[in-house]
């Protein structure tokens with residue numbers, strides 16, 4: 001059952017239905033998408049699982065325990081942070097914080113205020129930034145919508 005709220009402390013995977021891919025942090029410490037049906041995520045796949053961390057001010061951060069790193073949005077797309085435990089999110093790290101937006105139909109979008117962009121997945125599985133867009137003006141292209149797998 002898709003969840004709209006990402007509860008701090010929970011472990012989730014994010015699936016882009018239009019691309020049929022899960023967001024993952026790979027061994028190159030890049031963030032991309034791996035092809036897999038929503039209901040078919042193997043229990044032992046750790047690259048696709050993220051701990052939701054309270055980012056303050058209604059924001060969250062996504063931490064991958066396998067690599068002990070946070071998801072970062074920079075000007076070129078998404079990548080892994082330097083090594084940090086989930087409990088060690090620095091207050092000054094703004095590129096790691098996202099606002100969860102209801103995208104309708106049981107899906108969410110994730111907006112980074114520092115870059116004023118949403119997470120966007122291409123058909124090929126590249127996870128990048130959208131064009132600039134205010135958090136309240138979700139255009140929600142197909143690659144910007146995610147279902148939450150718990």
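The values are calculated or read from the model by the stated rules, or taken from the named source; none is laboratory data. As the structure is a prediction and not an experimental result, all values here were calculated from the model. Methodologically, a virtual Cβ is constructed for each residue, glycine included, from the backbone with ideal geometry; neighbour enumeration extends over all protein chains shown.
To keep it simple, each residue is scored yes or no on (1) out of contact with any helix residue (DSSP H, G or I) (no Cβ under 7 Å at 6 or more places or on another chain); (2) part of a loop (DSSP other than H, G, I, E, B); (3) surrounded by fewer than 21 Cβ atoms within 10 Å (Cβ to Cβ).
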residue	(1), (2), (3)
63	no, no, no
66	yes, yes, yes
78	yes, no, no
87	yes, no, yes
132	yes, yes, yes
Next item on the list: Please work out if residue 52 is closer than 19 Å to residue 118 by Cβ, touching a strand residue (DSSP E or B) at 6+ places or on another chain (Cβ under 8 Å) and modelled with pLDDT of 95 or more.
Entry: yes
Item checked: Options 53, 31; residue that is under 13 Å from the mean Cα position of the chain (by Cα), farther than 23 Å from residue 133 by Cα and buried (at least 21 other Cβ atoms within 10 Å of the Cβ) -> 53
Next item on the list: Please work out which one of (1) in contact (Cβ under 8 Å) with a residue 60 or more places away in the chain; (2) surrounded by fewer than 21 Cβ atoms within 10 Å (Cβ to Cβ); (3) assigned to a strand (DSSP E or B) is the condition residue 123 fails and give its number.
Entry: (3)
Check: For the range 39-49, how many residues meet the condition of being in contact with a strand residue (DSSP E or B) (Cβ under 9 Å, 6 or more places away or on another chain) and either closer than 22 Å to residue 111 by Cβ or exposed (fewer than 11 other Cβ atoms within 10 Å of the Cβ) (or both)?
Finding: 3
